[in-house]
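The values are calculated or read from the model by the stated rules, or taken from the named source; none is laboratory data. Given the structure is predicted, the values throughout are model-derived calculations rather than measurements. Note that each Cβ is placed from the backbone with ideal geometry, even for glycine, and that neighbours are counted across all protein chains shown. Note: areas computed on protein heavy atoms with side chains; ligands, DNA, RNA excluded. Shrake-Rupley method; radii C 1.70, N 1.55, O 1.52, S 1.80 Å.
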Amino acid sequence: MSIRFGLVVGLLFAIVVTYLTSVNPSRVHVALGGDWAFDIPLMALIAVVFGAGAGLALVLGILRDVTRSYARRTAPCDAPARIAPAAPARAAADAPRELAAQAGRDALIERRRFAEALEIQARVVQAAPREERAAEGTVLAGLHYEIGRERLEKDDRAGAISHLKDALRAQPDFVPAALLLGEAHLKAGEPREALRVWERAAGGPQPALPMLSRIEQLHRSEGRPTRMISLYQDALARQPDNLALAFGLGRVYFELAMLDEAAEQFQKMEVRAPELPLIHAYLGAILERRGQSRDAMEEYRRALRQSDRIEWPHRCAACGATHSRWVDRCPACRRWNTSRP
């Protein structure tokens, strides 16, 4: 815009000079040395001097605009180089604070001061990088769960339900919180709400055995055997290779005196896992009910040889420690919600 304005001003000045030259014919003698001398109109001399000055100003203006344009283009390219070192520097500065916070949180957890640990963990989750947020969210859910359990033991059902819901918001598939939330609703005389919580938690890709067991108990208390069967059939359809779910279906058949269906279910499992004592214990019970005492005793002996306890084994998904049953928190690595059949 400044260059265009300068050209317009120069054109107007030339027109004015031309007019003044025509009405002012006086001339000026200009000597440049030796034979270099000539007479020119006064207004023409003024025009030449002005034009030279204007031309010099125009050139300088162009150089200034080019310099500014180049500076603006290079500034964005240099900005990442100036900003990039700041992120690692901030991360390096924050790392000691995060480690200190986690250490303080863990110490409070071991002392079962869950409410204080929860305050720290809320800040840890907010500051955690994306790749660590899921693991820290599990800890947050675990703390809400522990506080909810304490509140429920003190008969503070409202407080318990609030914290257990917060646990499920932090991690929707947190089985211990869903189990206890349903129990809290049962204690409050709300079986329908308990069933809704448990069915929603059991509807995932990996339904937990204790969750299915709670739902089964409600259906049994209400006299709904077909729902007990469909509960495990639906879960097994989502995970056809899950022996624990296959066992649950066989057990329900047995409890409903559907001995043929139960025997078929356990016999199929025996082919895949002949070392599991639970299978032989139930096969023995089926044979006993059918009056086949000799065969039943043989199955019982096989079950007792393989284990002194009739429970479904579980394993920690985090550290690999084995448990004789489902646990809400691994005794070995102290992590929540890791017990798998």
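Let a ≥ b ≥ c be the square roots of the eigenvalues of the Cα gyration tensor of segment 122-229; is it rounded (a/c under 1.5), or, if not, prolate (a/b larger than b/c) or oblate?
Working: a/c = 3.42, a/b = 1.59, b/c = 2.15.
Oblate shape, in that a/c is at least 1.5 and b/c is the bigger or equal ratio.
What figure in square angstrom, to the nearest 10, would you give for the accessible area of residue 156 with a 1.4 Å probe?
Residue 156 exposes around 60 Å² with every protein chain in place.
What is the extension gain from residue 257 to residue 200, computed as 0.36 nm multiplied by their sequence separation minus the C-alpha to C-alpha distance, in nm to one decimal?
Working: separation 57, 0.36 × 57 = 20.52 nm, distance 2.89 nm.
Additional length available on full extension: 17.6 nm.
Sorted from largest down, what three extents in whole angstroms do the Cα atoms of segment 151-308 have along their principal axes?
Largest to smallest, the principal-axis extents are 55, 29, 28 Å.
Report the local net charge at residue 262: Lys and Arg +1, Asp and Glu -1, summed over other residues whose C-beta lies under 14 Å from its C-beta. List each step's numbers first, then the result.
Numbers: positive: 251, 268, 289, 290; negative: 255, 260, 261, 264, 270, 288, 299.
It works out to a net charge of -3.
Tell me, what % of the accessible area of segment 167-209 is carbon and sulfur with a 1.4 angstrom probe?
Values: 1080 of 1980 Å².
Carbon and sulfur together cover 55 percent of it.
Tell me the label-point distance for the pair residue 272, residue 154, using the 7 Å Cα-to-Cβ offset, in nm and rounded to one decimal.
4.6
Within a Cβ distance under 15 Å of residue 167, other residues only, what is the Lys/Arg minus Asp/Glu net charge?
Details: positive: 149, 151, 165, 169, 200, 329, 335; negative: 136, 146, 150, 166, 173, 183, 328.
With Lys, Arg at +1 and Asp, Glu at -1, the neighbours total 0.
Would you mind computing, in nm to one decimal, how far apart the modelled labels at residue 130 and residue 294 are, each placed 7 Å from Cα along Cα→Cβ?
Roughly 6.9 nm, to one decimal.
Summarise the accessible area of segment 238-283 (1.4 Å probe, protein heavy atoms) by the percent that is carbon and sulfur.
Working: 1030 of 1980 Å².
Reported share for carbon and sulfur atoms: 52 percent.
Could you work out the local net charge near residue 128, counting Lys and Arg as +1, Asp and Glu as -1, over the other residues with Cβ closer than 9 Å to its Cβ?
Values: positive: 130, 133; negative: 98, 131, 132, 136.
Residues close to residue 128 contribute a combined charge of -2.
Determine the order of 264, 222 by accessible area, beginning with the largest, at a probe radius of 1.4 Å.
Working: 264 105, 222 70 Å².
Putting 264, 222 in descending order of accessible area: 264, 222.
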